[in-house]
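Okay, so here's the structure we're looking at.
The values are calculated or read from the model by the stated rules, or taken from the named source; none is laboratory data. Quantities reported herein were computed from a predicted structural model and do not represent experimental measurements. Here the Cβ is made from the backbone with ideal geometry for all residues, glycine too, and neighbour counts use every protein chain on show.
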Amino acid sequence: MDKIKITIDNKPITGRAGMTVLEAAKMAGIYIPTLCYHPALTPFGACRLCITEIEGMRGFPTSCTTPVNDGMVIKTNTPQLQELRRGILELTITDHPYSCITCPTNGRCELQKVAANIGMKEITLPYIYKKRPTYRNDPFFDRDYNMCILCGRCVRICHEVRGATAITFTQRGIKTVIGTAFGRPLQESGCQFCGACVDACPTGALTERAREWAGLADRDVVTTCPYCGVGCQLSLQLKKNRIIEVLPHEKNEVNRGQVCVKGRFGITEFVYHPQRLTTPLIKRNGKLTEASWDEALNLVTSRLANYHKDEVAIIASAKCTNEENYVTQKFGRAVLGTNNIDHCARLCHSPTVAGLARVFGSGAMTNSIHDIGEAACILIIGTNTSESHPVTALEVLKAVRRGAKLIIINPREIELVRFADLWLRPRLGTDVPLLMGMARTIVDENLMDQAFITERCENFDAFKKSLQNFTLDTVTQITGVPKDKISEAAHIYATNKPASLLFAMGITQHSHGTDNVLAIANLAMLTGNIGSPGSGVNPLRGQNNVQGACDMGSLPNVFPGYQQTTNETVRQKFEAAWDVSLNPTQGLTLTEIFDAAHHKRIKAIHLIGENPILSDPDANHVRKALETLEFLVVQDIFLSETARLADVVLPSASFVERDGTFTNTERRVQRVRKVIEPIGASRPDWWIICQIARGMGGKGFDFENPSQIMDEIAHLTPIYGGINYRRLQKGGLQWPCPTPDHLGTPILHTQLFTRGKGRFTPLQYRPSAELPDKTYPLVLTTGRRLFHFHTGTMTRKVKGLNTLLNEGLVEINPIDADALGIVDGDILKVISRRGEVPAKARVTEWSPAGVVYMDFHFAESSTNILTNTALDLVAKIPELKACAVRIEKSHHR
Amino acid sequence: MSLHEQLALVLAPYRGEKGATIPALQAVQKALGYLPEEAISETAKSLCLSENEIYGVATFYAHFRFEKEGEHMVRICSGTACHVRGSPRIVETLEEKLGIHSGETTKDHKFSLERIACFGSCALAPVMVVDKTIYGRMTTTKARQILDEYQDTK
């Protein structure tokens, strides 16, 4: 980068080309007052406070909009500048109430800071009260536009960074006010309630209601968000050891000052919720009653000891830390003697892990989240990124603003379609033919990366032969996507390099989920889009630590670091380290565990932090299986629907009450930090597991803290070999990180694929297991919504999130709705071969005709009673994304 | 033709175009005479923008109106010459007579009242313009009488 030498206030400074004078000054620690400047936004030059004197330039250039030039001599603080600034600021303050002591932002207000710096001696102009509207009825934050100085930071962050465009400047001149179309409430304006505007506001115009009168924080701690797999870094604001506010952390590689509504506003309330479990519970006479830790632990150890190793199973948790997952699988393997360990990854990305491990050698996201912003083309298939991974979607928007092409493949009209160059709307479950059709176009028109294929891949000829079955005519017939659109998508993807490919559950949760993943891998290899910045095959992982739970071996076939349990050498290594002999047979998967429980082959389950009654397919079957068990232990922070069935419930500490690490979707291991003491008698999950393991005579569970556990993980897990808490103090590390001096791996497969050569896979089309018919004429597909997370155990405790959405909706196309005489808001019965659930109708064109969509957040409309358990043969993932249903109007509820 | 169909027709040339907000809004206003809520939302959809963005642009320009224009548009000049010759009193009088503020339309949609900057007929100050007819050297009495005439002729 070009170095540029300038002088600011007689201080020589070296800047970079493209920097503004303001940025150079900030870098050198020179303060220039600003109000409309925000580091995440393009320069605006509206507040006029950052004016400077620059030799050879006329007037007083604003430093935020003036790029640095070699040899520039700049003054930022002359008496004349300060006098001008006083005049400008006086105009701003004239219609801003200066009753600071009654303002919730007192002490945190940038206007105050700027005024203090400039030194306002007097305000000569008469004060004008603007009589602007105030809004206090939307969830989470208040808007008082009398405090607004029209710096536009809220509007610009909403447009430039979040893409929500929920607020804007309305009217003109003295009447200008920030608002929505027709002054509608934010809830009707497309607001995502991410809080970016509140964080950007320099004054008290936008304030978080819950913290308004909490005063100033006395310390802040950085930790990792407990919701989705993006792994946003949060800055917890504490006062007298109580969390008063959760802010996005600025200086990190993941979220860079942004966060979604759940992370920003959805944490404090669940942490301090009165329904938190504060004491162990034991079922006596069919009722859960309070018990002491000794009682509960004794009961668990004595009962679990009675079962044969093939009669017990552990359901681990993608919400728990790496350290907790490590001790959990160690407890299962070394103490209980079983490999029957699995967790919800089975229901999300098991086809990704199985498929990509087979053809690339590693099942994780190949590139980093930030890398997506560098792409020239982004293909988004089977992910509603802005609702399920909101902060990842911001990188997509960034790339689009830089001119990247965006292709969306989704039967539903998702939010990102608005920004797309091309939207393909295939029939549900026809991804393999569609992707093969694109591949065929690329091969037929010779758009592939021949050098990449020859040098780095294998089995291309067999794959090419399998393309014969996928002429565009056939593909159009199967998928319903017009030929020219398939061809256009192929062209865009193949000719705009680097191209990044994002996918999630829409790809994996099918009975042909692994084939879908392989089709994606084929397409990326065909165009050479692996191993370089801005490219890659990027599965977006759902849970905060689903990547880590897999890495830690909470799976039936692998030890930590994907080391096969069936491999003799590997097993000997762990036997030596743990000083036990280990079971060589592969364990049961999650879906198989419930089947085995149903048939009384599994008699006891130890379940940690999951809620399978709502999250797993054919929920009635799961409930029966759990009821059939002789002994069920559940560790959770709340009494979830599943915990109610337990014989013993052990209260877990929440993520702010324990130390540990989460590994996010881009393989980045990040710290989780204890900031408050556990609520009541709750305890961290690693402590609980270690107590039980020790009680059953297990050796090697004497950890004093999670840092010691991580040291053991690093010792036994090559991909985590260089990771320890001292290093993580400075920020996250992306595995593989084999040695203490290794800097981590942002991009996989740069020189060679992990397995050596990337392998093309010939594919066939297999339809979904359950297709619509006369009795069940519609297809049901499922997913998540922005305002809730999974089974709602945490988010449904948050009042504001419930205001935004508090019931299960079934989205239905107007064509189907008309045919059935359904109008928006009707209560419907959705019926499949496995059961029926009530839900409210939302008539919308977001759903294509013939398809209905439901989320699975609400126990009252437990969608997974309907879903199908048909499994993918390789990954054993059930077909959650497609099953046949019919809809009836319900006359009562 | 329903409003929805009419909007679809008017907006067709602008669909998916970048930088077409103002021409699209002008076309809609030309066709409908004003910008109803539905027009804002359809324009937003056509241009892949949010309603808020369209509304922000539309409220910035005095040219765009959100209410249906009255049958007769009454404009009072507020330029310097007219101002010193008493146009504020004429505005007051007509506001009182019609029961609306300037910038608004009467409930029966008979009259819209607007203040404009300079009409360019300063020699005739104060000036009132009804539809396309110019009335010079206005007084409050004359202004009332003229509106009465418009009121009576349908």
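Does A:THR441 fit the bill of being away from chain B (no Cβ under 14 Å), at negative phi, crowded, with 22+ Cβ neighbours inside 10 Å and part of a helix (DSSP H, G or I)? Against the criterion (away from chain B (no Cβ under 14 Å), at negative phi, crowded, with 22+ Cβ neighbours inside 10 Å and part of a helix (DSSP H, G or I)), A:THR441 qualifies. Of the residues A:ILE128, A:ILE149, A:ILE174, A:ILE123, which is under 21 Å from B:THR59 (Cα atoms), outside the structural domain of A:LEU397 (by TED's automatic domain parsing), over 30 Å from the mean Cα position of the chain (by Cα) and part of a loop (DSSP other than H, G, I, E, B)? The conditions single out A:ILE149.
Using the structure shown, decide if A:PHE193 is part of a loop (DSSP other than H, G, I, E, B), within 30 Å of B:ALA39 (Cα to Cα) and either touching a Pro at 6+ places or on another chain (Cβ under 9 Å) or free of Cβ contacts under 8 Å to residues at least 60 places away in the same chain (or both). I'd like the intermediate steps shown before the answer.
Details: part of a loop (DSSP other than H, G, I, E, B): yes; within 30 Å of B:ALA39 (Cα to Cα): yes; either touching a Pro at 6+ places or on another chain (Cβ under 9 Å) or free of Cβ contacts under 8 Å to residues at least 60 places away in the same chain (or both): yes.
Judged against the criteria, A:PHE193 is a match.
Apart from one condition, A:ALA681 fits all of (1) buried (at least 19 other Cβ atoms within 10 Å of the Cβ); (2) out of contact with any Lys or Arg (no Cβ under 7 Å at 6 or more places or on another chain); (3) within 22 Å of A:LEU632 (Cβ to Cβ); the exception is (1). When A:ASN306, A:ASN298, A:ASN322 are checked against the criterion of being at pLDDT 95 or above and either surrounded by fewer than 24 Cβ atoms within 10 Å (Cβ to Cβ) or in the same structural domain as A:ASN410 (by TED's automatic domain parsing) (or both), A:ASN298 stands alone in meeting it.
Within region A:499-525, if we keep just the residues that are under 22 Å from the mean Cα position of the chain (by Cα) and more than 17 Å from A:ARG541 (Cβ to Cβ), the residue that is surrounded by the most Cβ atoms within 10 Å (Cβ to Cβ) turns out to be A:HIS510.
It is to be established whether one or more residues within region A:466-484 are farther than 29 Å from A:ARG162 by Cβ, among the acidic types (Asp, Glu) and either surrounded by 20 or more Cβ atoms within 10 Å (Cβ to Cβ) or modelled with pLDDT of 95 or more (or both).
yes
Of all residues in region A:180-190, one or more are at positive phi, assigned to a loop (DSSP other than H, G, I, E, B) and either within 9 Å of another protein chain (Cβ to nearest Cβ) or modelled with pLDDT under 95 (or both). Within the span defined as region B:28-38, every residue fails to be crowded, with 21+ Cβ neighbours inside 10 Å and facing chain A (nearest Cβ under 10 Å).
Let me confirm something: among A:GLY732, A:GLY756, A:GLY722, which residue is surrounded by fewer than 18 Cβ atoms within 10 Å (Cβ to Cβ) and touching a residue at least 12 places away in the same chain (Cβ under 8 Å)?
A:GLY756
Anything in region A:624-650 that is out of contact with any Gly (no Cβ under 7 Å at 6 or more places or on another chain) and assigned to a strand (DSSP E or B)? List them, or say none. Once the filter is applied, which keeps residues that are out of contact with any Gly (no Cβ under 7 Å at 6 or more places or on another chain) and assigned to a strand (DSSP E or B), region A:624-650 yields A:PHE631, A:LEU632, A:VAL633, A:VAL634, A:VAL648, A:VAL649, A:LEU650. Quick one: count up the residues across region A:136-177 that are among the basic types (Lys, Arg), within 13 Å of chain B (Cβ to nearest Cβ) and buried (at least 18 other Cβ atoms within 10 Å of the Cβ). Total satisfying the criteria: 2. From the list A:ALA393, A:ALA375, the one residue that fits, being of a type outside the set (D, E, K, R), part of a loop (DSSP other than H, G, I, E, B), touching a helix residue (DSSP H, G or I) at 6+ places or on another chain (Cβ under 9 Å) and surrounded by 24 or more Cβ atoms within 10 Å (Cβ to Cβ), is A:ALA375. Checked against the criterion of being within 13 Å of another protein chain (Cβ to nearest Cβ), surrounded by fewer than 22 Cβ atoms within 10 Å (Cβ to Cβ), among the hydrophobic types (A, V, I, L, M, F, W, C) and assigned to a loop (DSSP other than H, G, I, E, B), the candidates B:PHE64, B:PHE119 yield just one match: B:PHE64.
Quick check on my filter: what residues within region A:51-93 are in contact with a helix residue (DSSP H, G or I) (Cβ under 8 Å, 6 or more places away or on another chain) and either farther than 23 Å from A:ALA28 by Cα or not assigned by TED's automatic domain parsing to the domain that holds A:ILE32 (or both)? A:ARG86, A:LEU89, A:THR92, A:ILE93 - these are the residues of region A:51-93 that are in contact with a helix residue (DSSP H, G or I) (Cβ under 8 Å, 6 or more places away or on another chain) and either farther than 23 Å from A:ALA28 by Cα or not assigned by TED's automatic domain parsing to the domain that holds A:ILE32 (or both).
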